[in-house]
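Encoded as C-alpha cells, the structure appears first; notes follow it.
We did not get these values from a lab; they are worked out from the coordinates using the rules stated. Since the model is a prediction, treat every value here as computed from it, not as a measurement. Here the Cβ positions follow ideal geometry from the backbone for every residue, glycine too, while neighbour counts run over all protein chains shown.
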Amino acid sequence: MATPAITAQPAAAAPAKQKKTLVRRLSPDRSQQTRRMVQFAFLLLNIFLGIKFFLWVRYFESRGATMYVDRPAGIDGWLPIAGLINLRYFFATRHIPDIHPSAMVLFAVFVLASLLLKKAFCSWLCPVGTLSEYLWKFGRKVFHRNLNVPHWLDLALRSLKYVLLAFFVYIVFTMSADGLIGFLVSPFGLVADVKMLNFFRYLGTVGLAVIMVLVALSVVIQNFWCRYLCPYGALMGIISTLSPVKIRRDAEACIDCGKCNKACPSHLPVDQLVQIRSAECTACLECVAVCPAENALQFSLVPQKQVPSLQVDKLASESTLTIASRWRGRALKPWTVAATLALLFFGLVGAARLTGHWQTNLSRDIYMELVPNANNFEH
C-alpha cells in the first residue's frame, strides 16, 4: 500500500511590525540655542573673574606697584574641595567658615541644580564641560567622527571618577572639625586659590604634557575628562539620580527612528527606555533637540496618568491631543531650565552677600605676606 505523500505546510509569516505615523513637531526646538547662550555667558563670567583675580594677585606680588582690584570671591567656585570642606564643617558645627565661604555657597548652588535639573551643571554651566564639548565637536568636524570606546573599557574608565570622588570624600569626612578649620586657616588653605592660579601660570613640562594629552583625547573621544576623570561630575551625577526631572520617552508618540540614541554624548540607549535614570545623563537635551516627533521625548516630571486608549478608528489628531495631555504642565522648556539655574545662582549668591558669607575677609597685610610666597606653602 503506497504511503500518502506528506505536503509541508508553509510556516505562518510573522506579522510585520506596523510602522508608526510621524506627527511632526508643531514648533522648532530651541534647547541648544538656549543652552549655548547660558554656557557662553557663564564662560565669559569665569574669564572676567579670572582676569580680575590675576590683577588682584599681581598687586600683592608687585608689593603694591600695580593697580589694586577687589578679590573676586566667585573665583572660589574653582575650589570644589574647599567647598566640600566648608560644607562638612558646617554640618559638624552649624557654622560657616570665614575662609572661602563662597566656595561652599557655589558648591551648594551646583548641588541643588543637580538635584532639581539632573546633571545640568555639567552641560549648562561648567566651563570645563563647555570646553570639553566643543573639543569633541571640533574633532567630529575635522575627522567626521569620534572614537567609540569598547563597552567593557568604557565601564572600567567611568569607574575612575567615582574612585577619585570616594578618595576625596573619605579624606574630608574622616577629618575632625578642628582639623578642617585648621586646614582652612593654614597658609596653604588661605592661598589655595593663588596656588591654583600659579599651577597654570608656571606649568611644568609634566603638567603641560598631561594637559595636552587630555585635550587630544577630548578631541577624539566625547567628553573624555567629564566622562572618565572628573570627581565633581561624579558627585553631581550621583545626586542627579534623585532629581524628579528626567529625560522621558513617550512610547506611543515615538516612531523608533533612533536619532536620540545617536545624538546622546553619553551613549545612553534613549530610544529603548521610558526614562533616563543614569547618572551619566547631563541634561544637555541633545536627544530632545533631534527628535522629530511631537511629544515623543521630554525633559520633564512624571507624566500624568495614562488616559484611556482611543478606538482604532479615531483620528490621528485626536490621538495626538491625548498624548499631549499626558505632558501638559510636566515638560520643562529650555528657558525654564535657564531661568531655574539663574534663580539658584543669583538667589544663593545674593543671600550670601547679604548675610556676610561671601567674601574672605583678610587684611591686605596678611595677603601681602602670603600671596608672593604662595608656592612655598605645602600641606
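Residue 49: net charge of surrounding residues, Cβ under 14 Å, Lys/Arg +1, Asp/Glu -1, itself excluded? Don't skip to the end; give the middle numbers.
Working: positive: 52, 71; negative: 70, 76, 193.
Counting the neighbours of residue 49, the net charge comes to -1.
Among the chymotrypsin sites (Phe, Trp or Tyr not before Pro) within segment 42-151, which fall in a DSSP loop and have no more than 15 other Cβ atoms within 10 Å of their own Cβ?
Of the chymotrypsin sites (Phe, Trp or Tyr not before Pro), the ones in loops of segment 42-151 whose Cβ has at most 15 other Cβ atoms within 10 Å are 68.
Given R₀ = 22 Å, FRET efficiency for residue 160-residue 241 by Cβ-Cβ distance, to 0.05?
Working from the Cβ atoms, E equals 0.70.
Go through the chain and flag any cysteine with no other cysteine's C-beta closer than 4.7 Å, please.
122, 126, 226, 230, 254, 257, 264, 281, 284, 291
Would you mind calculating the gained length between residue 98 and residue 143 on full extension (0.36 nm times residue separation, minus the Cα-Cα distance), in nm to one decimal?
11.2 nm
Would you grab the residues whose amide H sits under 5 Å from the one on residue 275? Only those 5+ places off in sequence or on another chain, please, with H modelled 1.01 Å from N.
HN-HN under 5 Å from residue 275: 249.
Convert each backbone phi in segment 163-168 into a coupling constant with the Karplus relation 6.51 cos²θ - 1.76 cosθ + 1.60 (shift: θ = phi - 60°), then list the ³J(HN,Hα) values in order as whole Hz, x for Gly and Pro.
5, 4, 4, 4, 4, 5
Given only helices, namely DSSP H runs of n ≥ 4 each adding -39500 (n - 2.57), what is the per-residue ellipticity at 222 nm of the chain, to the nearest 500 deg cm²/dmol?
-17500 deg cm²/dmol
Taking θ = phi - 60°, what integer Hz values does the Karplus form 6.51 cos²θ - 1.76 cosθ + 1.60 yield along segment 331-343, in sequence order, with x for Gly and Pro?
Karplus-based 3J(HN,Hα) across segment 331-343 equals 7, 9, 6, x, 5, 5, 4, 4, 5, 5, 4, 5, 5 Hz.
From the square roots a ≥ b ≥ c of the eigenvalues of the alpha-carbon gyration tensor of segment 47-141, which class results: rounded (a/c under 1.5), prolate (a/b over b/c), or oblate?
Verdict is oblate for segment 47-141.
Would you please give the residues with an amide H less than 5 Å from that of residue 119, counting only those at least 5 places away or on a separate chain, with H modeled from the backbone geometry?
283
Under a Cβ-Cβ cut-off of 14 Å, what is the net charge of the residues other than residue 137 that fall near it, where Lys and Arg count +1 and Asp and Glu count -1?
Cβ neighbours under 14 Å give a net charge of +3.
Could you please state, rounded to a whole Å, how far the C-alpha centre of segment 39-76 is from the C-alpha centre of segment 186-232?
When both Cα centres are located, 19 Å separates them.
Using each residue's phi in segment 196-202, evaluate 6.51 cos²θ - 1.76 cosθ + 1.60 at θ = phi - 60° and report the 3J(HN,Hα) Karplus result to the nearest Hz, with x for Gly and Pro.
Calculated HN-Hα couplings, in order: 4, 4, 5, 4, 7, 5, 10 Hz.
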